[in-house]
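Down below is the structure, laid out as structure tokens.
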Amino acid sequence: MLIIALLLHLLGHYLFQKITKTKAKEFRDSLNRKQPLFEMSGVIMNFVVAILIILVITLTTKERYLLNENAIYGVECSSIANEKGFIDGDKFITINDAHINRFSEITKSIIFDTGITKISIDRDRNIVEINLTEDDKYDIMSSGTLSLFKPKTTPNVISNEVVKELVYTEKNKSIGKSFGTFFSSAKIFFNLFNPYRIAYKGIKGFYSIKGGVANWYTLALCSYIIGLINLIPLPGLDLGNTIIAIIENNRKRKFNSKTMRFLRIGSPLVLVVILVSLLFISA
């Protein structure tokens, strides 16, 4: 998918050349007011493709979720959650003093939070506070499970009372939801280089995307990541080349072509080495 995303990036530049009937070499060898647009065309293509894919996925699927208030029997804890002080039947009230709307937000709110996470729970009608440190969250991620809590379907104490079924909410996803997914995907990219955060394997778990749709979402994510990388202001990347083009047009003179060629090739290579090194360090 990453290779396809790279090809889409190149396609953006190619289409701009076809539309303007100007080759890349002509843009870079002479002063041209359209050059900044040409340099950014790859990023634009990546972002447009990512937005369209996420938009189609969002608007053609329904989301089914459990409101936290409807988790009437509390949570069923994983083993790592038990180690951190949670027990079956706990009912979440707030995370960092913020009330939780959806049950599925509990784990995400904990993992993506920075610093100490203060959690308030209802345990047998008593308010209990649990504080999780960065080390605690690192332990959770190292455990290999992304599902800390499941909704408990039966009460802790079995009685003659009829066990109630959990009531789920189902509705069509909104356009706003698709853009929320698009921008939150940036977190996944930056979290790849943070040992305290969720890595790539968590994408499907957090966004509940399965089957063939997951492949499309992965393509959207890869396209988005390529776009983000090209927003780093280095020569050889779209934003860096755009800045150079703007400066050249304002000063009415081109920089040395050999120097620019060296920087456009060298800078991305150095960046790749840095990113790969960070991935290994945070692995």
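The values are calculated or read from the model by the stated rules, or taken from the named source; none is laboratory data. As the structure is a computational prediction, the values presented were derived from the model and not from experiment. Here Cβ is always computed from backbone atoms with ideal geometry, including for glycine, and neighbour counts include all displayed protein chains.
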Any pair with Cβ under 7 angstrom, 6 or more apart, that starts in the stretch 130-144 at a residue that is over 14 Å from F86 (Cα atoms) and ends at one that is among the aromatic types (F, W, Y): E134/Y196; Y138/Y196
Restricting attention to the stretch 212-270, which residues are among the aliphatic types (A, V, I, L, M), free of Cβ contacts under 8 Å to residues at least 24 places away in the same chain and closer than 21 Å to L7 by Cβ? A214, L269
Failed item in (1) touching a residue at least 12 places away in the same chain (Cβ under 8 Å); (2) more than 21 Å from the chain's Cα centre (by Cα), with I110 passing the rest: (2)
Being modelled with pLDDT of 85 or more, assigned to a loop (DSSP other than H, G, I, E, B) and under 22 Å from the mean Cα position of the chain (by Cα) is the filter here, so list the residues in the stretch 130-159 that pass it. L148
Pick out the one residue from I19, I72, I4 that is in contact with a Pro (Cβ under 9 Å, 6 or more places away or on another chain) and surrounded by fewer than 16 Cβ atoms within 10 Å (Cβ to Cβ). I72
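Would a scan of the stretch 73-95 turn up a residue that is of a type outside the set (V, I, T) and touching a helix residue (DSSP H, G or I) at 6+ places or on another chain (Cβ under 7 Å)? Outline the logic, then answer.
If we filter the stretch 73-95 for residues that are of a type outside the set (V, I, T), which is where we start, we get 73-74, 76-79, 81-86, 88-92.
If we keep only those that are touching a helix residue (DSSP H, G or I) at 6+ places or on another chain (Cβ under 7 Å) too, we end up with 84, 92.
Yes, the stretch 73-95 has at least one match.
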Under the condition of being at pLDDT below 85, surrounded by fewer than 20 Cβ atoms within 10 Å (Cβ to Cβ) and assigned to a helix (DSSP H, G or I), which residue from the stretch 208-243 is nearest to the chain's Cα centre (by Cα)? T218
Can you name every residue in the stretch 77-97 that is surrounded by fewer than 20 Cβ atoms within 10 Å (Cβ to Cβ), in contact (Cβ under 8 Å) with a residue 60 or more places away in the chain and more than 27 Å from the chain's Cα centre (by Cα)? D88, G89
I'm trying to understand the selection: among the residues of the stretch 67-105, which are closer than 30 Å to Y224 by Cα and either charged (D, E, K, R) or outside the structural domain of L166 (by TED's automatic domain parsing) (or both)? R102, E105
Could you list, in sequence order, the residues of the stretch 56-68 that are loosely packed, with under 13 Cβ neighbours inside 10 Å and closer than 22 Å to I106 by Cβ? K62, R64
Criterion (touching an Asp or Glu at 6+ places or on another chain (Cβ under 7 Å) and farther than 20 Å from K150 by Cα) met by exactly one of K62, K91: K62
In the stretch 30-65, anything touching a helix residue (DSSP H, G or I) at 6+ places or on another chain (Cβ under 7 Å), touching a residue at least 24 places away in the same chain (Cβ under 8 Å) and charged (D, E, K, R) is listed as R33, E39
